[in-house]
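Colleague: Please see the structure below; I have some questions.
The values are calculated or read from the model by the stated rules, or taken from the named source; none is laboratory data. Only a predicted model underlies this, so the values are computations on that prediction, with no experimental measurement involved. Positions of Cβ are backbone-derived with ideal geometry, glycine not excepted, and every protein chain shown enters the neighbour counts.
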Amino acid sequence: MSRDAFQRSLFLPSGGLVWHARALRFRSGWKDYMLALANWLQSWQHDRKDLLLLGPSAGWCLDPRWLTPYRTLVAVDLDPLAPVLFRLRHGLEMHKHQVRMQWHAIDALENLEMLLHRHPSHAVLFCNLLGQHIVHSKSVERTMTVLGRLKHQLRGRAWASFHDCLSRPWTRAESWPSAFVLEGNHGSLDIAERAGVSGTWEEHLTTDVFPAGVRKHYFPWLITSSRMHIIEAGAVGG
Ligand SMILES: C[S@@+](CC[C@H](N)C(=O)[O-])C[C@H]1O[C@@H](n2cnc3c(N)ncnc32)[C@H](O)[C@@H]1O
């Protein structure tokens, strides 16, 4: 990687130094979110021994124990700091359980076909990356195309994703959004209404990610002291 490309990748809109600083500063307030995420991940049942982990960053939000049953993890993240920080956070548990790991600093969505071809028996987990696509691409059309085709590219795989669905500024005086489960297709207005919080939400264009019939879990994440996200999580195949 050239020096310029390296420096650019440290300041990605959804990763890099800003994300790590944010995680270190606010993570103590993420306990409820991390617990909801850990419970949902535990409920993802499939028979694969290997996992493609797309956009895991340092795994700040992932429960180290959840990773240990895997034989190999193939992690893909644009952030050049991710492997070192991931090792700091998860290395001990992974070493204890002899989980092998390899990293690729490439675009996981642009290279998805190649990754699936090279790793035909791996389950796939998108780690809070799909809702960031609009931030990177700045094109609604492009984002809808890339996210809308995933379910076809991943046909026949055990795959899952948790991602930003809605977000908006937040004050402590407001009521806390509900966690809930939905089946079938629901637009963002519907989802905001189920969360029980009014106001103008920013959409992350993820409502067409999963095939019809997938059970989707929604839970709140106060990512900073003044910004609330509603996370959508779903799993396909098993
Ligand atoms: C919000 S962070 C994920 C946080 C992660 N779940 C955790 O527990 O720390 C999103 C990550 O996805 C990565 N990312 C975003 N778009 C990507 C893409 N198209 N290909 C590979 N990595 C990507 C970013 O570099 C960043 O590390």
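Colleague: Name the residue that is nearest to residue 117 (Cα to Cα), counting only residues in region 35-52 that are of a type in the set (A, V, I, L, M, F, W, C) and more than 9 Å from the ligand (Cβ to nearest atom).
Modeller: Filtering region 35-52 down to residues of a type in the set (A, V, I, L, M, F, W, C) leaves 35-38, 40-41, 44, 51-52.
Checking which are more than 9 Å from the ligand (Cβ to nearest atom) leaves us with 35-36, 38, 40-41, 44, 51-52.
Values: 35: 33, 36: 32, 38: 29, 40: 27, 41: 25, 44: 23, 51: 14, 52: 12 Å.
Among them, the one singled out is 52.
Colleague: Still on this structure: Could you please give the count of residues in region 105-134 that are within 8 Å of the ligand (Cβ to nearest atom) and over 22 Å from residue 15 (Cα atoms)?
Modeller: So the count comes out to 0.
Colleague: Can you tell me which residues in region 191-234 are among the small types (Gly, Ala, Ser) and in a strand (DSSP E or B)? Break it down into steps so the answer makes sense when it comes.
Modeller: Taking region 191-234 first, the residues among the small types (Gly, Ala, Ser) are 192, 195-196, 198-199, 212-213, 225-226, 233-234.
Once the filter is applied, which keeps residues that are among the small types (Gly, Ala, Ser) and in a strand (DSSP E or B), region 191-234 yields 233, 234.
Colleague: Condition check: under 19 Å from residue 221 (Cβ atoms), within 11 Å of the ligand (Cβ to nearest atom), touching an Asp or Glu at 6+ places or on another chain (Cβ under 8 Å) and modelled with pLDDT under 90. Does residue 55 satisfy that? Don't jump to the end; show me each part of the working.
Modeller: Values: under 19 Å from residue 221 (Cβ atoms): yes; within 11 Å of the ligand (Cβ to nearest atom): yes; touching an Asp or Glu at 6+ places or on another chain (Cβ under 8 Å): yes; modelled with pLDDT under 90: no.
The answer is no for residue 55.
Colleague: Would you pick out the residues in region 84-104 that are basic (Lys, Arg) and either within 13 Å of the ligand (Cβ to nearest atom) or touching a residue at least 24 places away in the same chain (Cβ under 8 Å) (or both)? Break it down stepwise before answering.
Modeller: Going residue by residue through region 84-104, those that are basic (Lys, Arg) are 87, 89, 96, 100.
Those that are basic (Lys, Arg) and either within 13 Å of the ligand (Cβ to nearest atom) or touching a residue at least 24 places away in the same chain (Cβ under 8 Å) (or both): 89, 96, 100.
Colleague: A follow-up question, please. Report the residue count in region 177-204 for those that are closer than 13 Å to residue 218 by Cα and touching a helix residue (DSSP H, G or I) at 6+ places or on another chain (Cβ under 9 Å).
Modeller: 6
Colleague: Of the residues that make up region 47-68, is at least one over 20 Å from residue 135 (Cα atoms), in contact with a Gly (Cβ under 8 Å, 6 or more places away or on another chain) and of a type outside the set (A, V, I, L, M, F, W, C)?
Modeller: yes
Colleague: Select from region 183-214 the residues that are surrounded by 19 or more Cβ atoms within 10 Å (Cβ to Cβ) and β-branched (Val, Ile, Thr) and list them in ascending order.
Modeller: Once the filter is applied, which keeps residues that are surrounded by 19 or more Cβ atoms within 10 Å (Cβ to Cβ) and β-branched (Val, Ile, Thr), region 183-214 yields 191, 197, 206, 207, 209.
Colleague: Turning to a different aspect of this structure: Return yes or no: is residue 227 among the basic types (Lys, Arg) and either surrounded by 18 or more Cβ atoms within 10 Å (Cβ to Cβ) or farther than 30 Å from residue 20 by Cβ (or both)? Don't jump to the end; show me each part of the working.
Modeller: On the way: among the basic types (Lys, Arg): yes; either surrounded by 18 or more Cβ atoms within 10 Å (Cβ to Cβ) or farther than 30 Å from residue 20 by Cβ (or both): no.
Against the criterion (among the basic types (Lys, Arg) and either surrounded by 18 or more Cβ atoms within 10 Å (Cβ to Cβ) or farther than 30 Å from residue 20 by Cβ (or both)), residue 227 does not qualify.
Colleague: In addition: Exactly one condition in (1) more than 11 Å from the ligand (Cβ to nearest atom); (2) free of Cβ contacts under 8 Å to residues at least 12 places away in the same chain; (3) among the small types (Gly, Ala, Ser) is false for residue 137; which is it?
Modeller: (1)
Colleague: Residue under question is residue 141, and the condition is that it be under 20 Å from residue 211 (Cβ atoms) and acidic (Asp, Glu); does it hold?
Modeller: no
Colleague: Please determine whether any residue of region 165-180 is among the aromatic types (Phe, Trp, Tyr) and touching a residue at least 40 places away in the same chain (Cβ under 8 Å).
Modeller: Within region 165-180, the first condition is being among the aromatic types (Phe, Trp, Tyr), and the residues that meet it are 170, 176, 180.
Still in the list and also touching a residue at least 40 places away in the same chain (Cβ under 8 Å): 170, 176.
Yes: one or more hits.
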